[in-house]
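The values are calculated or read from the model by the stated rules, or taken from the named source; none is laboratory data. Keep in mind it's a predicted model, so treat the numbers as computed, not measured. FYI the Cβ positions are ideal-geometry reconstructions off the backbone, even for glycines, and counts take in every protein chain you see.
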Amino acid sequence: MTVLTDSATDAATPSPDGSTTPTRVRFSVLAFVCSLSMITYLDRASFGAAAESMAQELGLDGVAQLKWAFTAFTIAYAVFEIPAGWFGDRWGPRGTLLRIVAWWSVWTAITGVVGSTIGGYTIGGLTALVIVRFLFGAGEAGAYPNITRAIHNWFPRTYWETAQGFVFMSGRLAGGLTPLLWGLLVSGTAYTPALPHWRWVFVVFGGTGVVWCLAFRLWFRNRPEEHPRVNAAELRLIGPAAVTGSHSGGMPWKALVSHPSVWVLCVMYTLINYGWIFNITYLPGYMKIRYSIADGDIVGSLYKGAPLWVGAVGCVLGGVLVSRLARVVVHRHRARQIVGVSAMLLCAAAWWGAVRADRGWEFCGLVSLGAFGVDLTLGAIWASCQDIGQKHAAVTAATMNTVGAMGAAFANWHTGTIVEKSVEARAAALDVLVPNMESVEKTAATLAGYQTVFSMYAMVYVAAAVCWLFIRVDRPLVEESCR
């Protein structure tokens with residue numbers, strides 16, 4: 001537990017002129033965690049953008065054979081969520097985030113090395129890539145639980161959904177623009193040269209995380225009373241949880257695993273991740289196969305990233321909707337339920353339509369609408385973890401994200417498997433081996449497999465809508481005074 005020192009107390013005293021205007025350091029904190037969210041999605045989505053090139057250089061038959069590389073990331077992401085969240089609750093998000101961002105930035109850069117040839121020697125293959133992506137996922141696992149801890153410490157309760165919305169909006173924007181940025185770095189423009197090879201993009205993205213760590217270490221503090229630029233007025237505005245909300249005593253594991261709403265949150269988050277993860281893994285490859293979109297195609301790159309940057313609007317709008325509805329229905333959790341159920345049904349309708357969409361802009365629009373629906377709920381979901389977890393907010397959020405990541409891991413494996421089985425079935429019907437199939441037949445079988453996947457997404461979101469009806473946040477893990 002961090003001790004409140006005399007210097008921290010002095011930092012929170014009123015200024016000599018007696019000013020009662022709150023300082024705005026908390027918004028600098030929000031800017032930092034939003035920029036971190038952007039880096040997480042930049043690094044995640046870059047692998048989806050590189051998937052087609054990576055598969056070709058590794059001698060694979062297609063992107064679907066990278067399913068274990070996709071899955072390794074999400075498995076590691078799930079396994080290391082709770083330990084990273086516990087570290088953040090126990091010792092604060094500052095040191096925890098510095099360590100995990102530095103770790104995953106290194107493995108982001110190393111991703112670009114796998115499969116490359118130096119001096120006639122090939123560095124690693126598919127197995128090495130799977131290991132590297134696992135280690136990358138182990139680092140990224142701690143990002144959002146510790147961001148949640150930082151928001152819990154630095155913002156009043158009434159701003160939690162909005163702050164979380166801005167965090168996820170930032171990530172979605174970065175992820176949505178990654179295919180475009182990737183294309184510009186790989187192909188160059190009339191004003192900027194291209195990088196020597198697409199693999200160098202991973203080095204550039206990894207270096208971005210290192211620069212963030214340096215700036216974050218200089219500015220951020222675990223709690224507002226520790227920051228020398230926070231005055232007493234801002235400390236009062238934030239509320240007492242910044243002082244009393246740190247981890248003390250043992251983690252109430254029994255209360256966590258037996259809390260009904262924690263279980264429902266976990267199931268619901270698993271379901272929405274199952275459908276959403278397609279946007280940053282298989283979507284770029286799917287768009288390239290179905291609509292012949294090259295890496296340097298500007299419009300095509302916007303298509304590939306559309307679900308994320310359209311979803312970014314939903315991230316912010318969701319918090320606004322909850323706040324507006326809360327004034328009408330009185331109970332804030334009721335407002336979250338209304339938004340959650342409506343958004344999940346919108347997702348189901350969008351994916352049901354995507355199954356039947358033939359034109360590129362139509363498919364892109366429907367998938368983006370589905371992503372928009374998911375992102376409408378993110379602020380409410382993570383704020384619910386804060387309400388239930390209170391001073392154990394990071395571990396509670398990490399628990400939900402752990403189970404949710406398993407849904408994404410299963411989806412990555414399951415999607416690739418369904419597509420592979422579709423191709424194998426078509427090859428068997430033609431009495432040929434898969435490598436000997438004509439490209440037209442192979443493409444048709446691949447797209448048929450994806451159609452099956454999209455139908456499953458629609459059903460999954462209906463189940464997620466039902467889950468929202470059973471989420472309650474009026475009983476925290478440990479009873480304590482709340483702001």
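Each residue in region 114-173 was checked for being of a type in the set (S, T, N, Q) and more than 30 Å from Gln56 (Cα to Cα), and 7 of them qualify.
The number of residues in region 314-330 that are in contact (Cβ under 8 Å) with a residue 40 or more places away in the chain and surrounded by fewer than 17 Cβ atoms within 10 Å (Cβ to Cβ) comes to 2. The set of residues from region 466-481 being part of a helix (DSSP H, G or I) and over 22 Å from the mean Cα position of the chain (by Cα) comprises just one member, Val466.
Can you find a residue that is at pLDDT 90 or above, in contact with a Ser or Thr (Cβ under 9 Å, 6 or more places away or on another chain), among the hydrophobic types (A, V, I, L, M, F, W, C) and in a loop (DSSP other than H, G, I, E, B) anywhere in region 444-465? No. Is it the case that Arg99 is modelled with pLDDT under 85 and assigned to a helix (DSSP H, G or I)? The answer is no for Arg99.
Based on this model, can you work out whether Val132 counts as in contact with a helix residue (DSSP H, G or I) (Cβ under 9 Å, 6 or more places away or on another chain) and either surrounded by fewer than 21 Cβ atoms within 10 Å (Cβ to Cβ) or within 28 Å of Thr399 (Cα to Cα) (or both)? The answer is yes for Val132.
Residues Val440, Val432: which one is without any contact (Cβ under 8 Å) to a residue 24 or more places away in the chain and not in a helix (DSSP H, G or I)? Don't jump to the end; show me each part of the working.
Details: Val440 fails: not in a helix (DSSP H, G or I).
Checking each option against the conditions leaves just Val432.
Taken as a whole, the condition of being free of Cβ contacts under 8 Å to residues at least 60 places away in the same chain and assigned to a helix (DSSP H, G or I) applies to Phe87. Mind listing just one residue for me: the one in region 403-435 that is among the β-branched types (Val, Ile, Thr) and surrounded by fewer than 24 Cβ atoms within 10 Å (Cβ to Cβ) and, of those, nearest to Val453 (Cα to Cα)? If we take residues in region 403-435 being among the β-branched types (Val, Ile, Thr) and surrounded by fewer than 24 Cβ atoms within 10 Å (Cβ to Cβ), then Ile418 is nearest to Val453 (Cα to Cα).
Scanning region 150-160 for residues that are in contact with a Leu (Cβ under 9 Å, 6 or more places away or on another chain) and buried (at least 24 other Cβ atoms within 10 Å of the Cβ) turns up Ala150, Ile151, Trp154, Phe155. Under the condition of being acidic (Asp, Glu) and surrounded by fewer than 18 Cβ atoms within 10 Å (Cβ to Cβ), which residue from region 53-84 is nearest to Ile110 (Cα to Cα)? Ranking the qualifying residues of region 53-84, first place goes to Glu57. The criterion of being surrounded by fewer than 24 Cβ atoms within 10 Å (Cβ to Cβ), part of a helix (DSSP H, G or I) and touching a residue at least 40 places away in the same chain (Cβ under 8 Å) holds for Phe166.
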